[in-house]
Structures are given as C-alpha cells and as structure tokens.
1. How many residues are closer than 19 Å to G232 by Cα and either over 14 Å from the mean Cα position of the chain (by Cα) or not charged (D, E, K, R) (or both) when one looks only at the stretch 259-270?
2. Output the residues belonging to the stretch 81-107 that are under 16 Å from E139 (Cα atoms) and either in the same structural domain as A228 (by TED's automatic domain parsing) or touching a helix residue (DSSP H, G or I) at 6+ places or on another chain (Cβ under 6 Å) (or both).
3. Of (1) in contact (Cβ under 8 Å) with a residue 12 or more places away in the chain; (2) surrounded by fewer than 15 Cβ atoms within 10 Å (Cβ to Cβ); (3) within 30 Å of I285 (Cα to Cα), D200 satisfies all except one. Which?
4. Would you be able to say whether some residue in the stretch 96-112 is among the hydroxyl-bearing types (S, T, Y), part of a loop (DSSP other than H, G, I, E, B), crowded, with 22+ Cβ neighbours inside 10 Å and in contact with a strand residue (DSSP E or B) (Cβ under 6 Å, 6 or more places away or on another chain)?
5. Identify all residues within the stretch 113-123 that are in a loop (DSSP other than H, G, I, E, B) and either polar (S, T, N, Q) or not assigned by TED's automatic domain parsing to the domain that holds F173 (or both); write none if there are none.
6. Condition first: crowded, with 17+ Cβ neighbours inside 10 Å, within 22 Å of the chain's Cα centre (by Cα) and not hydrophobic (A, V, I, L, M, F, W, C). Now tell me which residues in the stretch 271-306 satisfy that.
7. Of G294, G256, G248, G232, which residue is within 30 Å of I42 (Cβ to Cβ) and not polar (S, T, N, Q)?
8. Does L126 meet the test of being in contact with a strand residue (DSSP E or B) (Cβ under 8 Å, 6 or more places away or on another chain), in contact (Cβ under 8 Å) with a residue 12 or more places away in the chain and in the same structural domain as A228 (by TED's automatic domain parsing)?
Amino acid sequence: MKHLLLTLAVGATVMASPLAKQAKGVGLVAIPADQKEVMKLIDNPNNRLTPEKIELGKKLYFDPRLSKSGLISCNFCHNLGEGGDDGVSAAIGHGWTANPHHLNSPTVYNAVFAQKQFWDGRSPDLEDQAKGPALAPPEMAATEVHIEKVVNSMPEYVAEFKKAYGKDAKIDFTSITDTIGLFERTLVTPSRFDDFLNGDEKALTSAEQAGLKTFIDTGCATCHTGIAVGGGMQGFALTAPYKYAKVGDFKGDANGLVKTPSLRNITETAPYFHNGAIWSLKEAIVEMGRIQLGVNVSDKDAASIETFLKALDGRKPKVDFPMLPASTDSTPKPNVN
C-alpha cells in the first residue's frame with residue numbers, strides 16, 4: 001500500500017488565500033495533504049485496505065485471463081499509463097465490439113471520490129462497479145464461473161487470497177471483483193490545486209489562479225464540485241441541446257440524470273462527454289457553458305478556465321506492472337469468438 005500512496009503526503013498547511021476560501025465556499029474540496037486523512041476517505045469500512053489485498057487486486061486488475069478472450073483486462077479500457085481511460089470515443093471490448101450505446105470509458109483515477117459509478121450512476125462504489133464490465137458481452141464477456149475457475153486454477157492466486165483474507169478465504173466472483181475495487185480505491189492523484197487549497201499560495205501560478213476564479217464565477221463549480229471536481233448526478237443539456245446528442249442513444253438514468261465526470265487529469269482523458277464526441281478541451285468548456293449554464297463562454301474565458309484545469313493534472317501513484325501467476329492445465333482456455 002505504501003508504494004501506491006507514496007505520493008499523497010505533500011504540501012505544507014498554512015493560511016488559505018481568499019481565493020482558496022472562495023473555492024471551498026462553492027464546494028471544491030482538496031485531497032488532504034495528510035496520508036492518514038486520505039486513507040480515511042478511500043478505505044472501505046466493510047473490507048479494509050491492506051497491502052496484501054491491494055497487491056492482489058492489482059494483479060487481478062491487469063490479468064486479461066479474467067476475460068472470455070484472455071485478451072482484455074480492466075487496464076484495457078482503464079489504462080493507468082494513459083490517464084486511466086482508453087483514449088477512444090466509445091469503449092472497445094470483446095470481438096473488437098464498440099460500446100452499443102457509444103459510451104466513453106471514464107477514468108479510474110480518483111473514481112473512489114465519485115458519488116456513483118457508471119454514466120447512469122447505477123453502482124454505488126468501485127467494488128460493485130467492477131462486476132459490470134467483467135460480465136458485459138461488449139466488454140470482457142466473461143461469466144462468473146469462468147472468472148472463478150481462472151483464479152482458482154492458479155495456486156499462486158489461491159495462496160495470495162489466503163494471505164490477504166485468511167486461510168478460509170472464499171474465492172468467488174464477488175471476492176475477486178471486490179479485491180479489484182480495493183486496488184482501484186488507491187488510484188488517487190493529488191495535484192497543485194490541492195496544494196493550493198491546502199494552504200500553499202504559490203502552488204498555482206497567477207494565470208492558474210485567474211482561471212480558477214473564472215471557473216468559479218462562470219458557474220462551472222455548480223456541477224464540478226467536491227473532492228472529485230465532479231462525480232455527482234446532474235441534469236444534462238439544461239439550457240440548450242447538446243450538439244452531439246445523436247451520437248449514441250444514452251439518455252441518462254431513469255430521471256434523465258448523467259454522472260458529472262471528474263475534471264482531475266482532464267488533459268489526459270480526451271475525448272470528452274459521455275459519448276466521447278468532443279476532442280478539444282477548449283471546445284468542451286464552451287459547449288458546457290452553452291448547454292449547462294446558458295452562458296456564451298468567450299475565447300478569453302475558455303482559455304483562462306483551460307489554464308486552471310491543467311493544474312488538476314495530479315501526481316500519480318507508482319504502479320509497477322505485476323508479474324502474473326502462470327496458467328495451469330485447469331485454467332480456462334481463451335475464446336475469442
């Protein structure tokens with residue numbers, strides 16, 4: 001766990017600036033500088049984080065054999081070296097199938113801070129979310145039985161589960177996906193913005209501070225708020241139709257609400273919106289102002305906001321690619337059909 005959270009304890013705590021106070025006043029929240037405080041935020045009280053669980057979860061996250069084809073891991077769509085997503089408009093899965101609703105893969109970085117998971121908010125946490133893609137035909141296309149057989153077929157995985165959960169550990173679909181979710185909880189990326197809110201007035205340049213002020217005054221923090229700078233469920237296209245609404249058939253949840261994406265590491269997560277239809281961050285800012293706030297964001301203000309958003313690029317935890325257990329004669333064979 002230490003190697004994953006090593007980058008979190010940063011920044012000196014001093015008196016906050018008036019702008020930092022204003023940011024906090026509109027609901028923006030910093031990732032704490034104190035690692036112990038971070039752990040309180042990301043831990044699962046029903047399944048406590050431990051180094052053993054996190055290391056096991058990391059292996060499972062990177063293991064493509066959990067998929068039907070033996071080719072697609074969690075990291076396939078949520079690439080930790082690429083911003084925590086896949087960099088394409090619509091997620092691609094089993095059989096090179098594009099998401100049937102033309103939905104874009106959200107980043108897994110800082111997803112622990114979101115109020116809900118999936119674009120329609122149907123999952124309450126990362127552990128529950130991990131179940132969906134594993135079984136979805138257009139994604140990993142596996143079954144619970146397949147995933148259980150894969151993990152139980154390898155003595156190294158069995159030994160690691162016993163080390164993490166005790167000698168009587170039950171290795172089933174839920175315990176496997178729960179462990180993946182625990183690893184994902186550690187993928188937190190504190191930024192210079194957090195340092196600023198935590199009291200370091202020099203953490204942001206004058207241009208970035210001006211951009212933060214523009215971000216607040218324009219109304220962006222109405223939806224992009226909290227520690228995730230997003231992550232809640234909101235109405236979409238409130239003041240004008242989204243210009244790419246016909247790309248895909250996603251309409252939100254039963255009440256038409258859509259999860260607000262986190263703006264953390266936003267420069268690394270293009271394309272934008274639920275259907276990945278906009279590639280330019282500046283264009284996305286202008287479009288959001290038009291359809292969410294009824295505001296015509298000027299080029300100057302859009303550039304200012306974009307300057308601030310770049311300060312949300314965070315310090316990523318060190319994640320070494322794991323060496324996975326060897327398959328055995330009883331490990332299910334890949335099926336690409």
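1. Counting residues in the stretch 259-270 that are closer than 19 Å to G232 by Cα and either over 14 Å from the mean Cα position of the chain (by Cα) or not charged (D, E, K, R) (or both) gives 7.
2. D86, A91, S105
3. (2) is the only condition that D200 fails.
4. The answer is yes, given that some residue of the stretch 96-112 is among the hydroxyl-bearing types (S, T, Y), part of a loop (DSSP other than H, G, I, E, B), crowded, with 22+ Cβ neighbours inside 10 Å and in contact with a strand residue (DSSP E or B) (Cβ under 6 Å, 6 or more places away or on another chain).
5. Q115
6. Result: P271, Y272, H274, N275, G276, E306.
7. G232
8. Considered against the rule, which asks whether it is in contact with a strand residue (DSSP E or B) (Cβ under 8 Å, 6 or more places away or on another chain), in contact (Cβ under 8 Å) with a residue 12 or more places away in the chain and in the same structural domain as A228 (by TED's automatic domain parsing), L126 comes out as no.
The values are calculated or read from the model by the stated rules, or taken from the named source; none is laboratory data. Keep in mind that this is a model prediction, so the values were computed, not measured. Virtual Cβ from ideal backbone geometry, glycine too; neighbours counted across all protein chains shown.
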